[in-house]
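Data block below; observations after.
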Amino acid sequence: MSDQTERFKENAAGRYYVAKVCIGCSLCAAIAPDNFRENGDMELAVGNSYVYRQPENEAEEGLCVEAMDACPASAIHNNGLSK
Ligand code: SF4
């Protein structure tokens with residue numbers, strides 16, 4: 001059983017990640033397309049999204065925060081460990 005913060009292994013290394021509670025709504029990829037992507041081949045196979053690139057500038061950082069705030073499943077996390 002997965003907890004609220006168990007992450008998909010496909011997430012790019014870094015502080016932002018998508019956890020396995022993602023419901024595959026595509027919102028994050030629409031908000032921050034340079035950082036989130038959909039992937040239908042993941043473990044849960046419902047078109048879940050993952051972080052494919054960590055934000056590299058302030059604009060991307062802002063969009064990642066926006067995606068995190070907008071996620072209906074609270075699946076996007078920032079562990080705050082590194083840039
Ligand atoms: S916004 Fe949240 S629930 Fe929707 S695809 Fe992205 S991580 Fe998954």
- Just for region 8-30: of the residues that are in a loop (DSSP other than H, G, I, E, B) and hydrophobic (A, V, I, L, M, F, W, C), which one is surrounded by the fewest Cβ atoms within 10 Å (Cβ to Cβ)? Ala13
- May I ask you to list the residues in region 37-59 that are over 14 Å from Lys9 (Cα atoms), surrounded by 12 or more Cβ atoms within 10 Å (Cβ to Cβ) and modelled with pLDDT of 95 or more? Gln54, Pro55
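The values are calculated or read from the model by the stated rules, or taken from the named source; none is laboratory data. Keep in mind the model is a prediction, meaning the values are calculated, not measured. Reconstructed Cβ throughout: ideal geometry from the backbone, glycine too, with neighbour counts over all protein chains shown.
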